[in-house]
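Peer 1: A single structure is presented below for examination.
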Amino acid sequence: MTNSIGEIRHADCLFVIGSNTSEAHPIIAMEMKRAVKRGATLIVADPRSVWMTTIADRHLKLNPGTDVWLLNAMANVIVTEELYDATFVAEHTEGFEAVAAAVQSYTPEEAEEVCGVPAEDIRWAARTYATTRYAGIYYTLGITEHSHGTDNVYGLANLVLMTGHLGRRSSGMNPLRGQNNVQGANDAGASPVFYPGYQRVADPEARAKYEKAWGCELSPDEGMNLNVMMKQAGKSLKGMFIMGEDIVLSEPNVTMLEEGLNAMEFLVIQEIFLNETARFADVIFPAAAFAEKDGTFTNSERRVQLVRKAVEPPGQARADWEILVDLANACGADWRFDSAAEVYDEFVRDAPKFSGISHQRLDRDGGLQWPCPTEDHPGTMFLHEGRVLRGRGRLTPIAYRPSLELADETYPLVLSTGRTLYHYNAATQTRREPGLAVKQPEAWIEIHPRDARRRGISAGDWVAVSTRRGRVEVRAMLSRQVRKGCIWMPFHFAEARANLLTNDAGDPVTQTAEFKVCAAQVEKLRAHDGAELFPGSFYREDGPSTA
Amino acid sequence: MTIMPTKVFESDTVQTMTLDGVPVTFAQGETILEVAERHGKEIPTLCHDSRLDPMGACRTCLVEISGWRRLSPSCATKAEAGMEVETESDRIDRHRKGLLALYAADHPAEVAVTNGRPNELVAMIARYAAPTDWGHLESQRDDRPGDVNPYVGFDAEACIACARCVRYCDEVEAVSAISLANRGSYTTIATVDSLGLLDTTCEMCGGCIDVCPTGAMHEKMPLAALAKPEPDLEKVRTTCNYCGVGCQMDLNVDRDLNDGRGKVVKVTSPPPGTTTNDGNLCVKGRFAYEFLDSHERIMTPLVRSADGQLVDASWEEALRRAADGLRGVAERHGPDALGFISSSRCTVEENYLVQKMARAVFRTNNVHQCAAT
Ligand code: SF4
Ligand code: SF4
Ligand code: FES
C-alpha cells in the first residue's frame, strides 16, 4: 500500500476494484464503512454484488476479465474531458501522451458493450474519481489473478498518475494483501529475483555484498518463481522444501501438480497440520503456530509488528526459525541465532530500508512502517510524499486481451474463485473452528437463478461443476449476486477443491495463475435434502439484501 | 504508536475554552469529553465509545457548564469557544451517586454475572462510593436461551441498555444483527424473531462483546474451557495471523491449563485509538484460535519409512534424513534442481532464513513465497 489503513476513514472517494473487502479484509472494510458514513463516495467495481456494493454509491458490475476495458475507458473520459492534473503529469510523470493516444479508442459506449457496465456509470466513476482530491484505489487478487493481471495494475497506476492522486494522505494505490505476511516475506527476500530489501540478484554489486555478508559464493542466475516451480515439479526440479503452505490445495491445476510431486525425488515440509501436500513428503517437521513463537509480520501498509510467544508449542513442535537453523547446520552451515530478534538484526544489517527497525524498538514503540533507515527515523506513513519514488512515474499504455479461456458451447459459464469471511485459504485452521464450520460448513457454488432454472437446478441441489481440467461436486446457491453466465466458488474446501478446476496458464510477466476466469459447465446431480444452505446469509436469490 | 485522530482533518481552526478553571484549546467538532480526556481529566462513561456516535444515554459523564441550567452529558456536547466547564463539583457528585445507586438497585453486585468479563459498572459504583442499599429492582429482561452460537453469550441480567453493542453492530460492523427491545427497565438486546445469532446477519465479529461495559455480552469459549476470570489471565500482545491488515490483539492466556503449557482462552482487542485496528477484530482474529489446541496438530517429526508409511522419528533422525535428501538431490542434479517455498504465513525472520538457506547453503535462487500477491 502506498498509504496507511488509518487514512482510509478520511478519504473522500474510494474506488474499490476486484476486492470483496468486507469478507477478505473486514477491518479495512470497517474503515471504508466509516468513510462512507462521513460522506465519502464509494465506487465498487466487481463482477459480483459483494457486500460492499450494498453501501456503494455505484456498483460497476463488469463482466469478469474485462477490467482493462473498464480502466481504459475511465482513462478515456479523464483525457477527453481534461480532468487530469496537468501540472502533476508534466512535473512527475512520463508516458502520458502514449496512454492518452492508446485510450482514444476505448470509448465508454464500447466499454458498455464489452464490460456490461452502462457508459454513464463509467463516465460518472471517472469524473468522481478524477475530481475528488482525496481519492484512493483499493484492490486485491480480483485484479492480479488474471492472465492480464499486470495490465490491470498498470491500468490502475495510469489513473493514479494522470490524476496526481499520489503522495498525500488517503489517496494513492493500495493493494490489500491477502495473507498476513505477504509483504514481510517479500521484504525478507523470499523471491527468485530479489535479495532481502529488494536488492536484485542480477545486480553484481548486491551479489558481492551478500557474498561478503554470508561468506560464500552465490548463484548469479535468477531463480524460478513459484508458478514455474509448480510446473517444473518432478521435471527439472527434483527436490523441494516447503514451509507452511499446502500447495496441493492452493495452487491451480492440481492434477498436473500431483503428478509432478509424485515424480519428485525428495520433499521436506514444515507444517502445523498434516495437509494435502503431506501425502508426498519424505520428511515432515512439526512447527509451532503463531501464538507459540516470536517474530514479526509486516502488514499491507508496510507496518512491521511483533509476534509474541504466548504459549508453548504442543508435543515436540518447534518454531520454524529454530528448525531452519538446525536444518541449515545439519546441511553443513554454521548458523548461530539464539532468538528471532537476532535473525531480524542480521536481515536489516544489509537492507538499508529496514535498518532502523529492531525487535527492541518494536517492543517499545509498537509497529513501524518502512522505509525506516535509521534508529531515530519515525517510519514512513505514506510513500511517494511530494514526489514519485523512482524519479518520474511511468504511465504504461495497455491493450485489452481477452482472458485465456472464454466461455464456449461445452463450457458456457465463466467461473471465478475467491475467499469468504469465515474461512482462510486452505482452511486448515478455520475449519477446525466449530463456529466457523457451522456458519459455512461446506463448499458451494453461486449461480444466477436464470442459469440455474435452465439446468433444472433449485437452491441447495447437488451439482457437478466441470472445466477442461477437472470436476467437483458441490451444492448450488441461487443468487443474483453473480452475473448471468457467471458462477463463483470459494476455494477453502479440501473435498471440493476449486483449484482442480482453475487454469494454471497465467500472466506473462508474473506467471500468476488465472484464478478469476475460466470456462465451466454446471449440471444437476440430485435434489437437495431440504436443508437451507446458509441461513442468515445476506445473499438471497433476489440479490443481496440491503438491510 | 497512535493512529491519526479524526478531528485533525475536519478542522484546523483551534479555539479556546475553560476546563476546571484552566484555559485549554480544542479543534472545531470535538466534544467536551474528548477535550477533557486530552487534558488528562477522568470523566466516568458507560455508553460512550470513541468509535460510535454519541448517544448520551447513561448520563454518568455529566459536567457543569456555566450559564447552562442543567448538567450536560460531556460525551454528547460539543465544545464551544468561551465555554466554562467544571468536571467535578458537589452537584455533579450528587447526581452521579444517585444515578449509580439506581443502577446498583437494578444490577446488585451479588447477582453480577460471573462469566469472567470485567464489570465497569460494579467498579464505578465502588469508586464513587454510590449507595448500594436502595433495594433490588427485579426487572424481567429477556435473553435468548435457545441461541446455540458458539461465541457470543448474552446475560440479560447484567445489561444496562447502554446500547453500545447495538450501535457497534450498526455503525461499525454495519450489519445490524441486534437491536434494543422492550421498554424501561425491561429493555433488552434482541434479534429479529429471537433468532440465534447464527441465523441472523451477524458476522460473529465479537465487537458487541468488546464494547459491553458490564460483561452482559461475553465470550462463551473461556467458560467452556473452565478458564480463570479475565483479570487473572495473562495478556500477550501479538499480531493476528490471518489477513494482511495485521490487527494487534491480546492473547489471554491461562498459564495453568494444558499441563502448564498455557492455553489461549480468549482474544481481546487493544483499546480503540491505540493500534491500526482501532479496537476492532473480525471473526477469525477474535475466535479462530481453537486450532492451536487441536489434537490433529503434528506433534513429532515424521519420516517416510521403507514401506511408504509416515512414521514418528526423533528430531535428530528427521534432520539428518532431510539434510541427506536435499544434499543428495543437489549432488546428483545440481543446485537448481532444488526449490524452496516459504510462506507468507510465517514470520519475516523465517522467510529470511529460508532464502538464506536456498542461496547460501544450496547456491540456488529457486526460492519464492507461496502467494506472491
Ligand atoms: S449488552 Fe452490554 S453493551 Fe449491550 S446494551 Fe447491554 S450493557 Fe450495553
Ligand atoms: S458479533 Fe458482531 S455482527 Fe454479531 S451481533 Fe455482535 S457486533 Fe453484531
Ligand atoms: S457516556 Fe456520556 S451519556 Fe453515557
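The values are calculated or read from the model by the stated rules, or taken from the named source; none is laboratory data. Remember, predicted model here, so these are calculated numbers, not experimental data. Ideal geometry is used to build each Cβ from the backbone, glycine not excepted, and the neighbour counts take in all protein chains shown. Just the protein is used for accessible areas: all its heavy atoms, side chains included, with ligands, DNA and RNA removed. Shrake-Rupley method; radii C 1.70, N 1.55, O 1.52, S 1.80 Å.
Peer 1: Could you run the numbers on buried accessible area between B and A, total for both chains, 1.4 angstrom probe, in Å² to the nearest 100? Before the final figure, lay out the partial values.
Peer 2: On the way: alone 21070 and 24150 Å², together 33450 Å².
The summed interface area works out to 11800 Å².
Peer 1: Given a 1.4 angstrom probe, I'd like the percentage of the accessible area of the protein assembly as shown that is carbon and sulfur, rounded to a whole number. Numbers along the way, then the final one.
Peer 2: Values: 16480 of 33450 Å².
Roughly 49 percent of what the probe reaches on the protein assembly as shown is carbon or sulfur.
Peer 1: Related question: Provide, in order from the shortest bin, the percent of all Cα-Cα pairs of the range B:248-373 in each 10 Å bin, continuing until the bin that contains the maximum pair distance.
Peer 2: Taking every Cα pair in the range B:248-373, the percentages come to 11, 22, 31, 22, 12, 1.
Peer 1: Right, next: Which residue fluctuates the most in chain B, going by a Gaussian network model with Cα springs under 10 Å, if the choices are B:T238, B:T275, B:T87?
Peer 2: Among B:T238, B:T275, B:T87, the largest GNM mean-square fluctuation belongs to B:T238.
Peer 1: Tell me the Rg and the Dmax, in Å, that the Cα atoms of the range B:198-302 produce.
Peer 2: Rg then Dmax for the range B:198-302, in Å: 14.4, 48.
Peer 1: Next up: Between A:A399 and A:C216, what FRET efficiency comes out of the Förster formula 1/(1 + (r/R0)^6) with R0 = 51 Å and r the beta carbon distance, rounded to 0.05?
Peer 2: On the way: r = 45 Å, r/R0 = 0.88.
The value I calculate is 0.70.
Peer 1: Moving on to the next point. For the range B:14-88, list log₁₀ I(q)/I(0) at each q in 0.13, 0.17 Å⁻¹, using the Debye formula over Cα point scatterers of equal strength and ignoring solvent, two decimals each.
Peer 2: Taking Cα atoms of the range B:14-88 as identical point scatterers yields -0.32, -0.55.
Peer 1: Let me ask another. Would you mind getting the accessible area per residue of the range B:148-198, heavy atoms of the protein chains only, 1.4 Å probe, in Å²?
Peer 2: Numbers: 1900 Å² over 51 residues.
With the other protein chains kept in place, the range B:148-198 gives 37 Å² per residue.
Peer 1: Moving on to the next point. Which value, in Å², gives the accessible area per residue of the range A:182-369 when a 1.4 Å probe is used on the protein heavy atoms? Don't skip to the answer; put the middle values down first.
Peer 2: Working: 6100 Å² over 188 residues.
So the range A:182-369 comes to 32 Å² accessible per residue, rounded to a whole number.
Peer 1: From the phi of every residue in the range A:296-306, what ³J(HN,Hα) in whole Hz does the Karplus formula 6.51 cos²θ - 1.76 cosθ + 1.60 yield, where θ is phi - 60° and glycine or proline is x?
Peer 2: For the range A:296-306, the Karplus curve yields 9, 10, 10, 8, 4, 9, 6, 8, 8, 9, 6 Hz.
Peer 1: Same structure, new question: Please list the non-local residues whose amide H lies under 5 Å from the amide H of B:E30, H modeled 1.01 Å from N, same-chain partners needing a gap of 5 or more.
Peer 2: The answer is B:A79.
Peer 1: Now for a different question. Using the eigenvalues of the Cα gyration tensor, what equivalent ellipsoid semi-axes result for the range A:146-197 when each is taken as the square root of five times the eigenvalue, whole Å, largest first?
Peer 2: On the way: eigenvalues 118, 47, 25 Å².
Semi-axes (√(5λ), whole Å): 24, 15, 11.
Peer 1: Shielding of A:339-346 by partners, i.e. mean partner chain Cβ atoms within 10 Å per residue? Write out the running numbers ahead of the final one.
Peer 2: Values: counts 1, 6, 1, 1, 8, 4, 1, 4.
Per residue, the number of nearby Cβ atoms from other chains is 3 on average.
Peer 1: Would you look at the GNM of chain B, springs on alpha carbons closer than 10 Å, and say which of B:G184, B:G56, B:G29 moves the most?
Peer 2: So, out of B:G184, B:G56, B:G29, the one fluctuating most is B:G184.
Peer 1: Right, here's the next one. At a 1.4 Å probe, which residues in the range B:251-281 are at least 30 Å² less accessible with all protein chains present than in their chain isolated?
Peer 2: Output list: B:L251, B:R261, B:T276, B:D278, B:N280.
Peer 1: Ok, one more. Take the alpha carbon gyration tensor of the range A:48-182, find the square roots of its eigenvalues, order them as a ≥ b ≥ c, and report rounded if a/c is under 1.5; if not, report prolate when a/b exceeds b/c, else oblate. Could the numbers behind the result be given before it?
Peer 2: Values: a/c = 1.42, a/b = 1.11, b/c = 1.28.
Verdict is rounded for the range A:48-182.
Peer 1: With only alpha-carbon atoms counted, please give the Rg and Dmax of the protein assembly as shown, in Å.
Peer 2: Cα only, the protein assembly as shown: 28.4, 91 Å (Rg, Dmax).
Peer 1: Average partner chain C-beta neighbours within 10 Å, per residue of A:231-242?
Peer 2: Details: counts 0, 4, 1, 0, 1, 6, 7, 10, 13, 8, 13, 7.
Average per residue, whole number: 6.
Peer 1: Can you compute 3J(HN,Hα) from phi for each residue in the range A:95-104, using the Karplus curve 6.51 cos²θ - 1.76 cosθ + 1.60 with θ = phi - 60°, rounded to whole Hz and x for Gly and Pro?
Peer 2: x, 4, 4, 4, 5, 4, 5, 5, 8, 3
Peer 1: Let me ask something else. Ordered by residue, what ³J(HN,Hα) values in Hz, to whole numbers, does the range B:179-194 give under the Karplus form 6.51 cos²θ - 1.76 cosθ + 1.60, where θ = phi - 60° and Gly and Pro are x?
Peer 2: Using θ = phi - 60°, the values come out as 8, 6, 9, 6, 10, x, 6, 8, 4, 9, 9, 10, 10, 4, 6, 6 Hz.
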